[in-house]
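I have placed the structure first, in the form of structure tokens, so that the comments after it can refer back to it.
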Amino acid sequence: DAKTTQPPSMDCAEGRAANLPCNHSTISGNEYVYWYRQIHSQGPQYIIHGLKNNETNEMASLIITEDRKSSTLILPHATLRDTAVYYCIVRVWPGGGSQGNLIFGKGTKLSVKP
Amino acid sequence: DAGITQSPRYKITETGRQVTLMCHQTWSHSYMFWYRQDLGHGLRLIYYSAAADITDKGEVPDGYVVSRSKTENFPLTLESATRSQTSVYFCASRRGGDWVIDGYTFGSGTRLTVV
């Protein structure tokens, strides 16, 4: 079973920030938080990952709470092309064998509206 | 071109037939994976491989066979297709080592229909 909980769907106005929450209350010290997204009919795409510090890249920002039990993915200026299912995944590192495998939950379907 | 490619993109087959889905990657990534995606279930891991000649089961391996004789190829075979195997299949790869940074790269998927 996935170790994360996400809302099934969210809406966001085009040009506004999209804030996608994720709960991972049972996260362990050696588990990272990863975010992927899947645009309709395409393969999932890596967005960002983090351990305990906030992270930012050209796609998004990741805010992880101090207790690491939840996080928020922020798309600063959402566009229609950001409409997708967003997956929050916790993943062990380092980890051999199956420990490093990505296990997907059901994600959050983000709809960006004009 | 470099990347991960799946073939065919679409396939219709009959119940009981054997069908093989192909996956090829050009990065020499150590790890390769097969997922299936169904409405209401999300992405589920079928099989994975840590290197050539090393494969292991994922969450839903029953009815599938994999092999990995070469690092770049990871075919998935349905030995006797059933309607419940109608799905979209995604192949993925990742490097070994510092994979925390790289993450996974997914193919474009194969839509399989079993009639």
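The values are calculated or read from the model by the stated rules, or taken from the named source; none is laboratory data. Please read these numbers as outputs of a predicted model, since none were measured by experiment. Quick reminder, even Gly has a Cβ in these numbers, built from the backbone with ideal geometry, and neighbours come from all protein chains shown.
Only one of the listed residues (A:92, A:85, A:33) is farther than 19 Å from residue B:90 by Cα and modelled with pLDDT of 90 or more. That residue is A:33. Residue pairs whose Cβ atoms lie under 8 Å apart, sitting 6 or more positions apart in sequence or on different chains, and linking a residue in region B:13-42 that is of a type in the set (Lys, Arg) to a partner that is assigned to a loop (DSSP other than H, G, I, E, B), are B:17/B:80; B:17/B:81; B:36/B:60.
In region A:83-96, is there at least one residue being under 11 Å from the mean Cα position of the chain (by Cα), on the phi > 0 side of the Ramachandran plot and buried (at least 17 other Cβ atoms within 10 Å of the Cβ)? For region A:83-96, residues under 11 Å from the mean Cα position of the chain (by Cα), on the phi > 0 side of the Ramachandran plot and buried (at least 17 other Cβ atoms within 10 Å of the Cβ): absent. Listed by position, the strands (runs of 3 or more DSSP E) enclosed by region A:1-77 that each have at least 2 residues that are within 14 Å of another protein chain (Cβ to nearest Cβ) are A:31-38, A:45-50. Considering each residue of region B:75-83 in turn, none proves to be part of a strand (DSSP E or B) and free of Cβ contacts under 8 Å to residues at least 12 places away in the same chain. A residue that is of a type in the set (Ser, Thr, Tyr), modelled with pLDDT of 95 or more and in a strand (DSSP E or B) can be found somewhere in region B:16-28.
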